[in-house]
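Take a look at the structure set out below.
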Amino acid sequence: MTAKTSLLTPDARTKRRNAAEARFRLYGLIAVAVAVIALAGLLVSIFGNGSSAFRQTTLHLEIPLPEDKLDKSGTRDLEVMKKVTTIGYAKVLANALEAQLDAQGISVEGLKSKDISKFLSEEAPATLRNQVLEDPSLVGQKITLELLVGGRIDGYYKGRVTRETALLDKNVSTAQLDLADALKEMGLLHTSFNWGFVTAPDASEKRPEAAGLGVAIIGSFYMMIVVLALALPIGVATAVYLEEFAPKNRFTDIIEVNISNLAAVPSIVFGILGLAAFINFAGLPQSAPIVGGLVLTLMTLPRIIIPARAALKAVPPSIRAAALGVGASKMQSVFHHVLPLAAPGILTGMIIGLAQALGETAPLLLIGMVAFVRDYPGAPMEGFFDPATALPVQIYNWTQRADPAFVERASGAIIVLLIFLLAMNAVAILLRRKFERRW
Amino acid sequence: MTLGMVFLILAALALAGFFLGRGRALAVAGGDARRLHSLPSYFGWQAVLFLALPALGLTALAAFGGVLRHPATGWVALGLGVIGMGAALWNTGTEVRARNIVETCVKGLLILSSFIAIATTLGIVLSMLFETGQFFRQYQWTDFFFGTVWQPNFRGGSDLGILPLLWGTLYISVIALLVAVPIGLFAAIYMSEYAGPKFRSFAKPAIEMLAGIPTIVYGLFALITVGPMLRDYFAQPLGLGTSASSVMTAGLVMGVMIIPFVSSLSDDIINAVPQSLRDGSLGLGATQSETIRLVVLPAALPGIVGAVLLAASRAVGETMIVVLGAGAAAKLSLNPFEAMTTMTVKIVSQLTGDTDFAAPETLVAFALGLTLFVFTLGLNVLALYIVRKYREQYE
Amino acid sequence: MNVMRQTDDATATAEIKIAAKGVQVYYGDNHAIKDVDVDIADRTVTAFIGPSGCGKSTFLRCLNRMNDTIDICRVEGKITLDGEDIYDKRVDPVQLRAKVGMVFQKPNPFPKSIYDNVAYGPRIHGLARGKAELDEIVENSLRRAALWGEVKDRLNAPGTGLSGGQQQRLCIARAVATSPEVLLMDEPCSALDPIATAQVEELIDELRSRFAVVIVTHSMQQAARVSQKTAFFHLGNLVEFGETGQIFTNPRDPRTESYITGRIG
């Protein structure tokens, strides 16, 4: 062997080895950093694109409602008045805007009358028409409304549309932007919180400014109710049976292996199952929250059973023995003692499973949830069978549309979805913190 | 009668049945519960169960028979329930073992529940087998499994070869694993062997958060951020393509999605390696990285292989990221910056919109689904087997 | 302060290998080792005895800085190996541990072949220049651990397949293979049956001819059988340190007496 070496002076080999150690450590740090940066990039991208969906530009407009245009008969008969379509109301709006411009003395160079009529959203005439049909006595009077402006004008205040892009875009002219600036200066054009985004139903391809998540949120909510009502009892029952009652035999083994496999089956396969079993075979309606809820229930079940079993397993056998020892039946020992003690763990697993189900998209595409739905579904239980859409599917739907304003909507919808998920996970974490018990 | 009404009435009946059953039992016993075999509340539960089981059972049957919303369904369900409840109330006496009856019913329900998992698997397999059978009656199976062209045509005469889709699926999955496995593994090593508690308490939830984000979010990220970025900074300057959707886009984003999957499984597995092995190695003068590379990782290898297989099964079955990030063109190409497509994308595109369940162009989706199911099932079973064997080794 | 000081003159005959002076160990707020002074002589077996939880294992782990791997552990005082402070900033624990090997309570062979287990240390420290030299180190180490005869035909079999006693001797061979100067053994026989224990004890006696051996044991008989010097620890204090014969026949401290007569522990 070599001569005695001093501990105080590291030899060359040790130096090399320590360098390798430092490199290895650095790789690990880089790996963590990459993952965290990816998360940050994802969130920044979504929030950067989506936060503007929560603000919306509206025009404060004074509208005279001329009787000769809206109710020629003068009878205020709803059936007659319904014959005036949104096109008629669009003209009223255009006139009102023109009149207001004249009154305020605003003149914009190169502003054509088409620019004025296209300045407002296509949704605006419908809003006005609904208002009038609701209260026919308004005809002949002057009302003021906050009306949606077109998606491009809205985009102008969110940085999506600039004067340069306007030159290349046939849907907007620089004159309209000048008009918008002028109106803004007069205090007639506001940008405020966009409640419509959370409450309104979806809107067609040409009016992204009016598209909202109302139907999707209700649809998702209904599906979650179905999942909760079915998956919680079935999941807990299965977990209790397998953990407390099932004999150890081949058959139980098969059920167990089967459950862990189901947890890893691709979600789209559950969509195929839903399509074949619930829609084609059982004849349930397409696009209905009940079908979505059933599919998500089957998908979520194994993801609830596994943590529920873990929670039951964590209850020490001495508790069972104590209950049996005072003459309780097996069933009583489980339902009176074991289950209540395992409840926090089971609930936590349930909430996390529910959160996963809320974000699931692929299986819902196959059971027709992509349909364009503008009508709110009815109240439960009948409402479960009405067509609806779901939050993640609505997001997918908007990504398939051409107008870039829908990218903002889709990102905004993701923010809404993430807020729901965050809230659910926070509840799960709180539950775990509050009730966590170590034996 | 609406379904909601039926459920409301059932709930009210159940409440009444409970108190009736309990009251009757007490009355029979002359107010002295000790004379009964079972506690009075078990007679109440007996009434509730005998009401709910037939009524709900019929409703479930009706749902599968497609007559759930038929007006008669509600009446029949209520009628059956009331008959059941009547029988339960009649079955009251000091010798009646209500607790045993209730417990037998409950145990039956528990067993029934655990059958649902089996039924789900059976349902998946049967529904897909049936439709796939239909498909192969109209389309040569050799053309499906060995065809290199995918060109569905709803007027007939389609080419439905799976190979381009399989290629796209595997190509994207491999890229995803190339991203996720090293990053996930190194992150797990760093977290479990090096990181201090402060660092861990911040980085671990951050990585776990990646797992909680729905795949549609990753899809949108691929579509609006990663895709255009790759196109502008890599594909176009290198002359490799002009498409924002590409194998690379989908692969990278899917890789990020799988990172927490690999890292949390690896973390468990690395932590299962006994501390005594680490001590043994450190006690011989090995550095920490030598200990990890030469002792911990080889010991954990089977478990890590299992984790990678599970991650691979995830990647193969992933849908939304590829729908939004990979494109729709079925191609057999090596260029990772070209748009390609996967089995899952085609399942979605063949089964959404107007579908005709007699046409091979629609039915092929079931054949694709079955292939995907068998493929992922194989990976899962293998992975679970390996992981289970590995766990036993250290127990 | 410790009541007890080393008084015997017999130690003077052997060179001092490790000298510990005023060593304190804290686990968080817990003062686990209180002001311990010990001199470990070369080519001698030193036994640390005492009731469980007395700090003997903790102190042993200070001698090759294995306590560094525990975050909340803090060591104060001075421990020198051949006169060099092992807690000096410039000292690399990796190099230190190559000189001060360690054998643990439970046999912990790596899940590798017998050969790779023994070759592990020489490989990471680069002790062999070629395959032949490595083979030689492995053979010598296994011989020194009295295991060669039993395993020479199955060097490629997994080390985990051996019996408990064989595993522990494999771990000793593994520690010997890096040519350490000191061998620390933390209750090396506590997981073994009596026959395997006897084999390992015999081995320890042979190892004394080349190394300084420090053995922690909860068995007083074992300490009496294998060691020349014995240190008795109690509640983190070194109560008494001296010739093994003297400690067991004529303890100076009443606590030592109580322990060896079985009244405490």
Estimated 222 nm signal from helices in the protein assembly as shown, with DSSP H stretches of n ≥ 4 weighted -39500 (n - 2.57), rounded to 500 | -18500 deg cm²/dmol
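Using a Förster distance of 35 Å, how high is the FRET efficiency between B:K389 and B:F154, based on the Cβ-Cβ distance and rounded to 0.05?
Working from the Cβ atoms, E equals 0.10.
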At a 1.4 Å probe radius, which order do A:L93, A:L111 fall into by accessible area, largest first?
-> A:L111, A:L93
Quick one: work out the % antiparallel among DSSP beta bridges in chain C, nearest 5.
-> 60
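Based on the Cβ-Cβ distance from A:L78 to A:F372, what FRET efficiency comes out when R0 is 22 Å, to the nearest 0.05?
About 0.20, to the nearest 0.05.
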Leaving out ligands, DNA and RNA but keeping every protein chain, what accessible area does B:L294 have, in Å² rounded to the nearest 10, with a 1.4 Å probe?
-> 60
So what is the accessible area of segment C:3-260 per residue, in Å², with the probe set to 1.4 Å?
-> 39
So the angle from the long Cα axis of helix B:98-138 to the longest Cα principal axis of chain B, reported in degrees to the nearest 10, equals 40
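So, counting K/R as plus one and D/E as minus one, what does the shell of residues with Cβ under 10 Å around C:D35 add up to?
My count for the surroundings of C:D35 gives 0.
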P(r) weight above 18 Å for segment A:157-311, C-alpha pairs, percent = 73
Helix axis angle, C:164-176 relative to chain C longest principal axis, alpha carbon, degrees = 90
Taking chain C as a Gaussian network, Cα atoms linked when under 10 Å apart, which of C:G50, C:G236, C:G77 shows the biggest mean-square fluctuation?
-> C:G77
Highest GNM mean-square fluctuation, chain A, Cα pairs closer than 10 Å: which of A:I419, A:I218, A:I153?
-> A:I419
Report P(r) for chain A: all Cα-Cα distances, bin width 20 Å, range 0 to the bin holding the largest distance, values in whole percent.
-> 19, 38, 27, 13, 3, 0
Rounded to the nearest 10 degrees, the helix C:194-207 long axis (Cα) sits at an angle to the longest Cα principal axis of chain C of 90
About the Cα centre of chain A, what is the dipole size in debye to 20, counting +1 per Lys and Arg Cβ and -1 per Asp and Glu Cβ, all else neutral?
-> 2660
Taking r as the C-beta separation of A:A314 and A:K206 and R0 as 60 Å, the FRET efficiency to the nearest 0.05 is 0.60
Can you give the accessible area of A:E244, probe radius 1.4 Å, in Å² rounded to 10?
-> 20
Once B and A are treated as a pair rather than alone, how much accessible area drops out, both sides summed, in Å² to 100, probe 1.4 Å?
-> 7100
Partners for A:K248 among aspartates and glutamates (Cα-Cα distance below 12 Å; same-chain residues under 8 apart left out) = A:E256
If you stretched the chain out fully between B:F64 and B:T104, how much longer would it get, using 0.36 nm times the residue separation minus the C-alpha to C-alpha distance?
-> 11.8 nm
Heavy-atom accessible surface of the protein assembly as shown: percent carbon and sulfur, 1.4 Å = 60
Two-decimal log10 I(q)/I(0) for the protein assembly as shown, as the Debye equation yields it once each C-alpha is a single scatterer, q = 0.06, 0.07 Å⁻¹ = -0.68, -0.86
So what are the radius of gyration and Dmax for the Cα set of segment A:55-194, in Å?
-> 15.6, 50
The ³J(HN,Hα) series, computed from each phi in segment A:65-79 with the Karplus coefficients 6.51, -1.76 and 1.60 at θ = phi - 60°, rounded to the nearest Hz and given as x for glycine or proline, is 10, x, 5, 5, 8, 9, 8, 4, 5, x, 8, 6, 7, 4, 4
Which pairs break 26 Å Cα to Cα here: A:K82/A:K170; A:K15/B:K198; A:K313/B:K107; A:K83/A:K206; C:K21/C:K89?
-> A:K82/A:K170; A:K15/B:K198
If you place +1 on the Cβ of every Lys and Arg, -1 on the Cβ of every Asp and Glu, and leave all else neutral, what size is the dipole of segment A:55-194 about its Cα centre, to the nearest 20 Debye?
-> 360
Among B:F357, B:F366, B:F135, the residue with the largest mean-square fluctuation in a Gaussian network model of chain B built from Cα contacts under 10 Å is B:F357
Could you pull out every one of the lysines with an alpha carbon less than 23 Å from that of B:K331, ignoring same-chain neighbours closer than 8 positions?
-> B:K346
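The values are calculated or read from the model by the stated rules, or taken from the named source; none is laboratory data. Keep in mind it's a predicted model, so treat the numbers as computed, not measured. Backbone-built Cβ (ideal geometry, glycine too); neighbour counts: all protein chains shown. Surface accessibility is based on the protein's heavy atoms, side chains included, excluding ligands, DNA and RNA. Shrake-Rupley method; radii C 1.70, N 1.55, O 1.52, S 1.80 Å.
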